[in-house]
Amino acid sequence: VLALGAQAQAFPAPGKTFTLIVPFSAGGPTDKVARDLAEALRKPLGGATIVIDNAAGAGSTIGTAKAFRAPPDGYTLLVTHVGMATTPALYRKLPYVVDEFEFAGLINEVPMVVVGKPTLEANNFKELTAWIAQNKGKVNMANAGLGSASHLCGLMLQQALKTEMTTVPYKGTAPAMTDLMGGQVDFMCDQTTNTTSQVEGKKIKAYAVSTPKRLTQPAVYKDLPTLDEAGLKGFNVSIWHGLYAPKGTPAAVVKTLNDALKVALKDPDFIKKEEGLGAIVVNDARANSAEHKKFVQAEVAKWGPVIKAAGQYAD
Ligand code: MLT
């Protein structure tokens, strides 16, 4: 009996279900990465069942806090993005400590694009900035709450354009996109994983990309200027996603999760889906846990001062 009792619980135990917490609405870019990743993780996790839990709200902090408090057994994980690095500067009473998560690996980098409602009377970025200036105080920009990628990019845009706008927060950029296509909001900065099909379908207008270099794929963006080219010198925002486990998850379990992630990141279907939407899947070197933690800490150090300078606090 002692031998049996002493035998470490195999991980993952057969028949157990994994939950991936996504801190934004279903159908948005974070959810898209998580669902595609879940598909690629099933096999390396021994044919596991993986369910997605969209715990949205408060700019990703509700879902991130839920993951932080989850049982540290490796079966409840979190997929989130740059919000892990911006929320410490935005929320004075944050219900989690970034460094105390277990870092199960970085997943991808996703460009952002400035997109507008179909009826917006601006057909390029220059006209968009003129339209914003002419409609000072009446412009509605959508985002997914303080802590979202769309908030961060929008904040940088407002600072660069030296203008104030009304920001309309949603529980994710999936619902924001619905209102943008309907004209209820004027424009937003969103990830290409969420904008590409709408831009290709001419349901929204696209103006400029947030990366230092123009996007060659998806082809629909190839003629768009970068925001840096369009006059916002040094503008460079790209959104990364990572996989996290609750504090206290055993190191051996985190290692198994990170090994499974590295297999998933080489899954041809996963890569095809990601690259088809403009995202870049990270390589093994960047995906390992130690690198992931170091990268997030550098991002906290990078975005903290930018956000503090904007003086925007969520609580
Ligand atoms: C964001 O702006 O942070 C994301 O687009 C939110 C989401 O995944 O819906």
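Computed values, structure above
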read-out: Matching entry among 176, 160 (being out of contact with any Pro (no Cβ under 8 Å at 6 or more places or on another chain) and surrounded by fewer than 18 Cβ atoms within 10 Å (Cβ to Cβ)); value: 160
read-out: Residue count for region 45-66, restricted to those that are assigned to a helix (DSSP H, G or I) and within 11 Å of the ligand (Cβ to nearest atom); value: 3
read-out: Those residues of region 219-252 which are among the β-branched types (Val, Ile, Thr) and under 21 Å from the mean Cα position of the chain (by Cα), in sequence order; value: 226, 237, 239
read-out: Only listed residue being closer than 22 Å to residue 21 by Cα, touching a helix residue (DSSP H, G or I) at 6+ places or on another chain (Cβ under 7 Å) and in contact (Cβ under 8 Å) with a residue 60 or more places away in the chain, chosen from 264, 252; value: 264
read-out: Per-region count, region 187-211, residues of a type outside the set (A, V, I, L, M) and farther than 20 Å from residue 232 by Cα; value: 10
read-out: Only listed residue being more than 16 Å from the ligand (Cβ to nearest atom), closer than 28 Å to residue 298 by Cα, of a type in the set (Lys, Arg) and surrounded by fewer than 22 Cβ atoms within 10 Å (Cβ to Cβ), chosen from 42, 69; value: 69
read-out: Condition check for residue 273: part of a helix (DSSP H, G or I) and either basic (Lys, Arg) or crowded, with 20+ Cβ neighbours inside 10 Å (or both); value: yes
read-out: Hits in region 17-39 - residues which are of a type in the set (Ser, Thr, Tyr) and either within 12 Å of the ligand (Cβ to nearest atom) or under 14 Å from the mean Cα position of the chain (by Cα) (or both); value: 25, 30
read-out: Out of 209, 237, sole residue that is under 30 Å from residue 185 (Cα atoms), surrounded by 20 or more Cβ atoms within 10 Å (Cβ to Cβ) and touching a Cys at 6+ places or on another chain (Cβ under 6 Å); value: 237
read-out: When residues of region 222-269 are limited to those that are among the β-branched types (Val, Ile, Thr) and assigned to a loop (DSSP other than H, G, I, E, B), the one farthest from residue 302 (Cα to Cα); value: 249
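Values in this text are rule-based calculations from the coordinates and carry no lab data. Owing to the predicted nature of the structure, the values given are computational and were not obtained by experimental measurement. FYI the Cβ positions are ideal-geometry reconstructions off the backbone, even for glycines, and counts take in every protein chain you see.
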